[in-house]
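K.L.:
Provided herewith is a single structure, encoded as structure tokens, for subsequent inquiry.
The values are calculated or read from the model by the stated rules, or taken from the named source; none is laboratory data. Just so it is clear, the structure is predicted and the values come from calculations on it, not from any experiment. Neighbour counts run over all protein chains shown; Cβ positions are idealised from the backbone, glycine included. Ligands, DNA and RNA are excluded from the accessible area calculation, which covers all protein heavy atoms including side chains. Shrake-Rupley method; radii C 1.70, N 1.55, O 1.52, S 1.80 Å.
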Amino acid sequence: MAFAIYYFKDKSVEVGKIDWMSIEDQKFFSKIITQCPTLEEEDGWMSVKWEKGRKKKNCPALFPAKVLMFGDNYRDLCQKREQFIKGEDIWKQTLRRKTKPNSWLMEDVEEEENEQPKKQSTIENESSSDEDILARNWSKVQQQMKELKRENKRLKEDNFKQILDAMRELPTVVTQLKEVIGQITVQTAPHASTSATASTSVDSASVSPQVLSDDMVFLMPGCNVKVPKRKLNSLRMANPSVYIGDLAVLVYGRETLSHSSLTGRQSGAHKDVESKPQLDSTKLDAIFDHALSKFPDITMQDVRRIIRKKCNNESYIKQATAKKAI
């Protein structure tokens, strides 16, 4: 397979090369697509390096997209792109076209049964031809089984990776909860002095990403997002999940993360809960580009998942703090 039909976040559909996908997506993404993927879900997006008219100023030309179909014939994929835009089911058409050789073969078999017996040499040739067809079909089945096994392995690895990331973040969440509970205890103590209150205010202010005493630097060249240089350099690089979560706190602040969401849309699992405002897209793009530059093996889908989890954690901490104060 050399080309693919890409569906981008802005609902545009384009035909491009497979090697524009990230290396990780090329390695694990199944090349067999039998139906239209769910375009509204947050999962399933991959990073695509687009070269034609989509490049951003002074930033890597990486865009989230979903693959609708793979193929070796660029012109055929362009025709399917137009059919998809018109609302046609391009996957059923492909399946019907693949079944035609089998129906043609059955018609030939019926005609041969009605004909008179041919010479022995002709029968042997036809028998060998049937064996070749069966061998090719069996080879295709084996290839599909290998693809399914690889996809199953990738899904298991992703689930295991998410569990490990959550376990690594758990000590940090517990530490933050202890710090918040300790601050509440000091503020509500009956004999708390004014000096202790002032100290708590200073500590709370130091959490904000805008610190006047630090030298401010741009998060990425060409992106108008500044952060304190000292705090940026002190972020922990050992784990991408922890680094990106701390970077989100540095850019947005805990208060903003606790009251916001990644997309601004209402959760399908909690339709009775009011949707939260979306995070600032300019800052979000800056975090994406910075994270991809620091961790080349990570995907944009991984970064989105980490930031979404960080918003949920901060919201949980804020709710727990409010209940403790009551």
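K.L.:
Can you find a residue in segment 241-255 that is touching a Leu at 6+ places or on another chain (Cβ under 7 Å) and among the charged types (D, E, K, R)?
P.N.:
Yes, segment 241-255 contains at least one residue that is touching a Leu at 6+ places or on another chain (Cβ under 7 Å) and among the charged types (D, E, K, R).
K.L.:
A further question on this structure: Whether any residue in segment 276-289 is within 13 Å of the chain's Cα centre (by Cα) and either closer than 14 Å to Gly253 by Cβ or hydroxyl-bearing (Ser, Thr, Tyr) (or both) is what I want to check.
P.N.:
Checked against the condition, which is being within 13 Å of the chain's Cα centre (by Cα) and either closer than 14 Å to Gly253 by Cβ or hydroxyl-bearing (Ser, Thr, Tyr) (or both), segment 276-289 yields no hits at all.
K.L.:
Taking only segment 294-322 into account, find how many residues are assigned to a helix (DSSP H, G or I) and open to solvent by less than 70 Å² (accessible area, probe 1.4 Å).
P.N.:
Summing the residues that are assigned to a helix (DSSP H, G or I) and open to solvent by less than 70 Å² (accessible area, probe 1.4 Å) in segment 294-322 gives 18.
K.L.:
Let me ask you something else. Within segment 67-85, work out how many residues are aliphatic (A, V, I, L, M) and part of a strand (DSSP E or B).
P.N.:
The total comes to 3.
K.L.:
Let me ask something else. I'd like to check something: does segment 108-125 contain any residue that is modelled with pLDDT of 75 or more, assigned to a helix (DSSP H, G or I) and more than 27 Å from the chain's Cα centre (by Cα)?
P.N.:
No, the conditions are met nowhere in segment 108-125.
K.L.:
Does at least one position in segment 72-89 carry a residue that is out of contact with any Pro (no Cβ under 8 Å at 6 or more places or on another chain) and either of a type in the set (Val, Ile, Thr) or modelled with pLDDT under 65 (or both)?
P.N.:
yes
K.L.:
Hey, another quick one. Among the residues of segment 23-37, is any touching a Gly at 6+ places or on another chain (Cβ under 7 Å) and open to solvent by 30 Å² or more (accessible area, probe 1.4 Å)?
P.N.:
The answer is yes, given that some residue of segment 23-37 is touching a Gly at 6+ places or on another chain (Cβ under 7 Å) and open to solvent by 30 Å² or more (accessible area, probe 1.4 Å).
K.L.:
Right, next: Is it the case that some residue within segment 258-269 is outside any loop (DSSP other than H, G, I, E, B), small (Gly, Ala, Ser) and open to solvent by less than 20 Å² (accessible area, probe 1.4 Å)?
P.N.:
yes
K.L.:
Select from segment 132-168 the residues that are in contact (Cβ under 8 Å) with a residue 12 or more places away in the chain, open to solvent by less than 80 Å² (accessible area, probe 1.4 Å) and hydrophobic (A, V, I, L, M, F, W, C) and list them in ascending order.
P.N.:
If the condition is that a residue be in contact (Cβ under 8 Å) with a residue 12 or more places away in the chain, open to solvent by less than 80 Å² (accessible area, probe 1.4 Å) and hydrophobic (A, V, I, L, M, F, W, C), then Ile133, Ala166 are the ones that fit.
K.L.:
Another question, if that's okay. Take the residues of segment 221-238 that are at pLDDT below 90 and open to solvent by less than 80 Å² (accessible area, probe 1.4 Å): which is farthest from the chain's Cα centre (by Cα)?
P.N.:
Gly222
K.L.:
Can you work out which of the residues in segment 1-21 that are in a loop (DSSP other than H, G, I, E, B) and of a type outside the set (S, T, N, Q) is least open to solvent (accessible area, probe 1.4 Å)?
P.N.:
Ala2
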